[in-house]
Protein chains: 2
Amino acid sequence: MKKIAEPTVRRLSLYLRFLEDFEKAGRSTISSGELARSGGTTSAQVRKDLSFFGSFGKRGIGYSTHDLTAHIREILGLDRVWHVVIVGAGRIGSAMAGYYGLRERGFHVVAIFDADPRRVGQALDDLTIADVRHLEADVRRLHAHIAVLAVPSDQAQGVAARLAKAGVRAILDFSTAPLTLPEHVTVRRMNVPLELEALSHALAAR
Amino acid sequence: MKKIAEPTVRRLSLYLRFLEDFEKAGRSTISSGELARSGGTTSAQVRKDLSFFGSFGKRGIGYSTHDLTAHIREILGLDRVWHVVIVGAGRIGSAMAGYYGLRERGFHVVAIFDADPRRVGQALDDLTIADVRHLEADVRRLHAHIAVLAVPSDQAQGVAARLAKAGVRAILDFSTAPLTLPEHVTVRRMNVPLELEALSHALAAR
DNA sequence: CGGTGCTTGTGAAATCGTTCACAATCTAGA
DNA sequence: TCTAGATTGTGAACGATTTCACAAGCACCG
């Protein structure tokens, strides 16, 4: 499988949403132009992005919504269930645990951890908050693939290293600390202050 | 002021964090190489980024942490206070309201809104949840600059349009809906499912 | 005061990503 | 079967961003 550019992956994820809407609306084909309009891009961009699948659009017609949906789901690895653990049962961790959209897309939260003894044992949605001391054992037992890191920034590196050692190869990091991890661990950051600062810059720049 | 490339702005934001640490640690100068190591980039990249300030590093020595911090803060518009409103007092909205890393950096949450009558009037940290029906009036009265949009995706467009009309020119959007807004409104997205899908892709690609 | 060791600033080259432009292909309709 | 209209697939041009490479500047030391 050819390597797909990072920005393309992000757009595929967007296209997928619109495709699902189109499919629900009973449309059996969709053109690059329509996808472009939904996703705020251009039809040429859409076609380039989709050219990773080889060519299976129909000239004069467009793409089969059903087939395209299936292809994108496969490329994104959404044709299977991923086990997700959340570390940190504070506000962000709890919010993630209750994020309904995730389960729908195959991201099953199988455990949530916290270091605070007062929180350990409490129920959160259909989970019980586990003690972070058992992190490694639980991660292995539950075959967790992805971790959501929602701990204070000063603990992020330590917890991330433990997760990596326990076999987690993908981390969604809500902390603002830079993480040093083995090559094979993919990290994506949700850095709220950073995004606000980008907005601040945009506002200030005039 | 020259226009600064988007990726550069993001990195400046990162540099700023390390600079603050270095300054606290009593370091009066820092080299591009040190900043690069902290920020996971290269020294050439750092110097290119900083070249937007003209040249005020000292060859053989590096940059004055104090001056560089001040410059970056100014570029990012962090030398002032921004008024932030949060729309949606669900889990994500509440998490943002309680995120005190924000106040530290000059982002003052001045109001939080919700549409649910059961939530309106409740206390949340030092705020009282306001009725989203008063959104426009409150945004104007409080001189809100930035909005955090944490409402269900199907309501995002409607609320965003109201915010824009009330004068908000920067939105941090946690929904997954595509927003159509006037040119002069800057939007940054925090799309959790999208980031998880990028991780899923990375895991699946082998 | 000249040499050595660092480190900046910056053109130029390389890489990466987007947009353009058009031939090729398909459907529908006459 | 032929034509008109729509849309894909893709090489090539373009634009943006990163990396390279090195001259120039500064501090320290003998």
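Summary table below
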quantity	calculated
Reachable lysines from B:K2, criterion Cα separation under 27 angstrom, eight or more residues apart if same chain	B:K48, B:K58
Cα centroid separation - the range B:30-61 against the range B:178-206, whole Å	30
Computed label-point distance, nm, for sites A:A205 and B:T180 using a 7 Å Cα→Cβ extension	2.6
Phi-based couplings in Hz for the range B:110-118 (Karplus 6.51, -1.76, 1.60; Gly and Pro marked x)	9, 6, 9, 10, 8, 9, 7, x, 6
Heavy-atom accessible area order for A:Y99, B:Y100, largest first, 1.4 Å probe	B:Y100, A:Y99
Sequence-distant residues sharing a close amide H with A:T29 (under 5 Å, placed H)	A:T65
Fraction of beta bridges assigned by DSSP in the protein assembly as shown that are antiparallel (%, nearest 5)	20
Residue-wise HN-Hα coupling along the range A:133-141, computed from phi with Karplus coefficients 6.51, -1.76, 1.60 (Hz; x: Gly, Pro)	5, 8, 3, 4, 4, 5, 4, 5, 4
Solvent-accessible area of A:F174 with every protein chain in place, 1.4 Å probe, in Å² to the nearest 10	20
Simple spin-label estimate for B:V81 and A:H134 in nanometres, 7 Å along Cα-Cβ	4.6
Prolate/oblate/rounded call for the range A:124-182, Cα gyration tensor, a/c under 1.5 rounded	oblate
DSSP-defined beta bridges in chain B - what % are antiparallel, rounded to 5	20
Accessible area, probe 1.4 Å, largest first, for residues B:R105, A:R140, B:R11	A:R140, B:R11, B:R105
Amide hydrogen neighbours beyond the local backbone of A:V148, cut-off 5 Å, H modeled	A:V85, A:I86, A:V87, A:L172
Amide H contacts of A:V187 (H built 1.01 Å from N, under 5 Å, at least 5 apart or other chain)	A:I171
Percent RCO, i.e. relative contact order, over chain B, from Cα pairs under 8 Å lying at least 6 residues apart	13
Contact order normalised by residue count of the range B:82-195, Cα under 8 Å, 6+ apart, percent	24
Inter-copy label distances at B:S28 (7 Å, Cα→Cβ; nm, one decimal)	7.7
For A:R80, inter-copy label distances in nm, listed shortest first [label point 7 Å out on the Cα-Cβ vector]	5.1
Ascending list, in nanometres, of distances separating the B:G101 label from those of the other copies (7 Å, Cα toward Cβ)	2.0
Simple spin-label estimate for A:R59 and B:D126 in nanometres, 7 Å along Cα-Cβ	6.7
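The values are calculated or read from the model by the stated rules, or taken from the named source; none is laboratory data. Computed from a predicted structure; not experimentally measured. Using ideal geometry, Cβ is built from the backbone for each residue, glycine included, and neighbour counts are taken over all protein chains shown. Quick note on the areas: whole protein, heavy atoms, side chains included, nothing else; ligands and nucleic acids left out. Shrake-Rupley method; radii C 1.70, N 1.55, O 1.52, S 1.80 Å.
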